[in-house]
């Protein structure tokens with residue numbers, strides 16, 4: 001019978017491992033790249049007994065709660081036996097506690113103790129047994145049957161321990177895993193993310209022969225050269241005579257499918273007997289007819305490496321998917337298989353709004369498929385090595401990966417970069433990442449970490465890496481931060497953060513320039529993404545960058561019930577995380593919403609997709625920028641030129657149709673073009689129009705792909721066949737009524753009274769500040785001018801013919817007054833022509849908007865507009881939208897960014913209608929020029945006042961903004977502001993529009 005008495009959580013190790021920076025692990029096995037999918041194993045995922053202690057020295061209670069493994073205790077519900085409630089805590093730079101390196105807090109250091117039984121098969125007797133813990137934050141102490149078997153650090157890589165001596169095969173064994181949240185290692189893991197605690201990846205036991213494959217390193221390059229380095233360990237130190245290694249290489253189409261016993265003879269493979277002294281062997285082959293791996297053509301070959309006993313039987317085997325590819329730097333170019341490629345990348349964290357840091361393979365696949373469908377071809381694993389399943393998926397689906405070590409010392413960067421106490425930790429984290437991931441063809445660049453200054457510890461890690469794997473370049477932003485062109489041994493790539501277009505084009509550059517972070521996707525953002533790529537594609541040495549980041553880190557929070565205020569937890573999936581919509585009583589939480597302090601608010605909501613993976617509008621922007629083909633009219637505008645913009649693939653995987661306005665569609669035959677080639681194709685004469693027209697080539701997948709079903713939209717390039725912006729109002733029928741007809745009715749304040757409007761059209765200069773406006777300090781200036789609360793004073797009301805002329809002034813705070821004139825003229829069709837002029841003083845140097853706002857009667861639920869769409873667009877983020885006639889429900893126009901802000905705009909709108917299902921008339925609006933328009937259920941003041949969407953109450957009316965000028969969104973929350981071309985300045989602004997009942 002097992003001893004179930006409580007025991008101290010103190011580990012039987014020589015020192016406190018949570019306060020010893022020199023200790024990177026104890027009795028932990030070396031990291032390796034051996035993959036044994038069929039090895040005997042005992043899965044340990046599931047329910048474990050659990051206690052959350054206030055410190056690692058707190059004695060255990062006499063009874064246990066339960067929790068799930070893998071899982072973060074910060075988002076799970078369990079019986080709190082020690083009065084410890086540890087909830088998610090968000091900081092960007094500042095550490096969540098004031099203690100200085102290397103010592104963590106002594107008085108409060110949440111420590112999770114996990115315990116469960118494991119039934120070990122009797123036939124494991126005499127075998128080597130390994131305990132595998134996929135990841136734990138931040139110090140792991142492992143016991144088996146009361147025996148301390150090892151310690152692991154580094155929260156993002158697996159720890160493995162040889163537990164053979166502690167296990168009892170054929171019996172029930174007790175496994176205890178103690179996870180200490182804060183440690184000396186925490187100072188190395190100060191990434192911009194939520195702080196969690198727990199066991200966040202899978203746990204299991206597996207068995208091998210005592211003599212086993214300890215590591216397998218694969219080098220495979222175009223041309224078919226295959227080199228496999230094998231390391232064998234075990235036994236008494238001297239390997240038995242006659243043992244050997246072999247390999248079996250198969251192709252997906254069976255071209256080189258070879259029997260194991262004939263593999264080397266048929267593929268010219270030389271098999272070397274395992275060395276008695278070193279335990280090393282090599283397999284070398286030149287494989288004929290190899291098709292190289294790239295992100296566009298991710299061709300993989302199956303390789304099995306086997307260790308044979310003297311009698312030829314298999315003692316151990318490791319399976320791998322091999323991609324033949326090369327990476328090198330030539331001058332200022334990074335080459336994949338000898339070709340200069342663009343990195344259309346994104347930074348990706350391990351994140352899920354219900355489970356925190358725990359992400360399964362299905363979720364990872366969904367992430368990568370969504371990225372592929374929007375034109376991304378690269379991922380930076382910010383800011384730590386991912387679950388190895390992600391890299392296997394990147395190999396399969398086709399994505400270039402910058403694999404980043406789990407090193408970020410942000411709050412104490414300068415001190416730790418040269419601290420000799422952390423030298424081993426820096427090198428250990430880089431080395432273990434490389435040893436685990438080096439066989440993945442998707443990994444094309446190693447990164448030494450993120451935002452950790454630059455010092456001797458980086459040079460040491462880089463030196464080890466270059467000696468171990470000379471086949472890939474190394475990057476580290478901290479090494480180039482102060483001097484891009486300076487020769488630094490720690491970075492082969494110029495990889496700046498948030499550099500402006502002006503800065504990156506100021507070359508020539510001595511190395512490839514690939515932005516490790518740019519275009520910060522916080523809230524309504526990613527302005528000038530198209531401008532960046534115009535610069536990148538036209539400037540030698542520039543090869544792309546990685547958008548920050550993929551996903552908003554909003555945690556689903558329960559607002560009602562006994563657990564109100566806490567994370568909804570994994571069990572909320574059924575009722576509050578279905579179909580991309582949260583149920584009533586929940587919201588997306590950000591920093592400070594769990595009582596966490598210090599915190600950085602909504603700065604964690606900076607992704608290209610919402611927490612439920614709903615794409616934000618910037619995803620469509622990137623998809624069009626990254627289109628695999630380009631469409632242009634020939635100079636005579638009678639034909640079109642199609643160019644293959646890919647690096648390796650033809651156009652055979654695509655199909656297309658021509659679309660033009662309401663005239664219909666016609667099939668399009670894409671020419672068979674090699675990468676970089678162009679061809680002229682005829683235009684669809686059956687669709688050629690009269691007057692304004694925009695011809696769109698809608699390009700989709702021609703067949704089912706691993707990352708997209710047949711018919712998935714790939715891009716929709718558009719050309720303008722004919723366009724005439726002159727006198728849009730006259731062409732729309734804005735004919736003046738006879739004098740005295742259709743008199744304009746005004747109230748005592750000189751404001752329009754109209755039966756279809758509940759709030760009259762007035763001048764507005766304010767928008768609900770975006771995250772970029774707030775974090776960039778821009779909104780502070782607007783508030784200082786009083787733009788959010790302008791006071792209008794009526795100057796005069798007069799008649800000029802059939803028109804009423806209303807003149808007003810708006811007082812600002814210290815910036816002078818704004819003059820506004822509104823000329824209201826009845827039209828023959830029962831409508832109204834509004835001509836507006838606003839004169840802004842010189843002190844108003846940078847405004848959010850200049851335009852008109854009004855509100856309609858209730859019941860108008862559908863917007864149909866001619867302009868860019870169908871998604872949300874702004875002046876500096878509209879390349880992903882096509883011009884044409886679009887239709888949507890008013891409620892669907894608004895983008896629910898985690899923090900309410902300016903949203904729902906549509907750029908280049910010429911006209912629109914608002915209609916409802918009832919018999920009441922709708923309205924039609926025509927504009928003098930293509931303008932920025934928004935129609936939502938929220939006033940700017942409503943959005944400005946709300947911190948979360950659960951605080952918003954949609955109005956029954958439509959709030960309509962018609963902007964003569966609207967400021968771009970930029971990326972000023974972390975990076976450059978919008979370019980000068982997209983800013984709104986002082987002076988005279990004029991715009992005209994018509995309003996008429998339908």
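Would you call residue 899 in contact with a helix residue (DSSP H, G or I) (Cβ under 6 Å, 6 or more places away or on another chain), within 29 Å of residue 522 (Cα to Cα) and in contact (Cβ under 8 Å) with a residue 24 or more places away in the chain?
Numbers: in contact with a helix residue (DSSP H, G or I) (Cβ under 6 Å, 6 or more places away or on another chain): yes; within 29 Å of residue 522 (Cα to Cα): yes; in contact (Cβ under 8 Å) with a residue 24 or more places away in the chain: yes.
Yes: the conditions hold for residue 899.
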Check residue 190 against each of (1) modelled with pLDDT under 95; (2) touching a helix residue (DSSP H, G or I) at 6+ places or on another chain (Cβ under 7 Å) and name the one condition it does not meet. (1)
Return only the number of the condition from (1) in a loop (DSSP other than H, G, I, E, B); (2) free of Cβ contacts under 8 Å to residues at least 40 places away in the same chain; (3) surrounded by 22 or more Cβ atoms within 10 Å (Cβ to Cβ) that residue 607 does not satisfy. (2)
Let me spell it out: the conditions are (1) in a loop (DSSP other than H, G, I, E, B); (2) surrounded by fewer than 18 Cβ atoms within 10 Å (Cβ to Cβ), and residue 56 meets all of them except one. Which number is the exception? (2)
Any idea which of 758, 770, 700 is more than 18 Å from residue 962 (Cβ to Cβ), surrounded by fewer than 20 Cβ atoms within 10 Å (Cβ to Cβ) and modelled with pLDDT of 95 or more? 700
Among residues belonging to the stretch 409-428 that are in contact with a helix residue (DSSP H, G or I) (Cβ under 7 Å, 6 or more places away or on another chain) and closer than 15 Å to residue 383 by Cα, point out the one that is surrounded by the fewest Cβ atoms within 10 Å (Cβ to Cβ). 409
Inspect all residues belonging to the stretch 480-487 and state whether any of them is modelled with pLDDT under 95, surrounded by 20 or more Cβ atoms within 10 Å (Cβ to Cβ) and touching a strand residue (DSSP E or B) at 6+ places or on another chain (Cβ under 9 Å). yes
Within the stretch 497-507, is even one residue part of a loop (DSSP other than H, G, I, E, B), on the phi > 0 side of the Ramachandran plot and surrounded by fewer than 24 Cβ atoms within 10 Å (Cβ to Cβ)? yes
Right, residue 463: part of a helix (DSSP H, G or I) and assigned by TED's automatic domain parsing to the domain that holds residue 531 or not? yes
Pairs returned, first residue in the stretch 144-155 that is farther than 13 Å from residue 16 by Cα, second residue that is assigned to a strand (DSSP E or B), beta-carbon separation under 6 angstrom, 6 or more apart or interchain, are 144/175; 145/173; 145/174; 149/142; 149/161; 155/137; 155/189
Matching option when the condition is modelled with pLDDT under 95 and touching a strand residue (DSSP E or B) at 6+ places or on another chain (Cβ under 9 Å), among 394, 405, 425, 490: 490
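The values are calculated or read from the model by the stated rules, or taken from the named source; none is laboratory data. All of these numbers come straight from a predicted model, not from anything done at the bench. Every residue, glycine among them, receives a Cβ derived from its backbone with ideal geometry; neighbour counts consider all protein chains shown.
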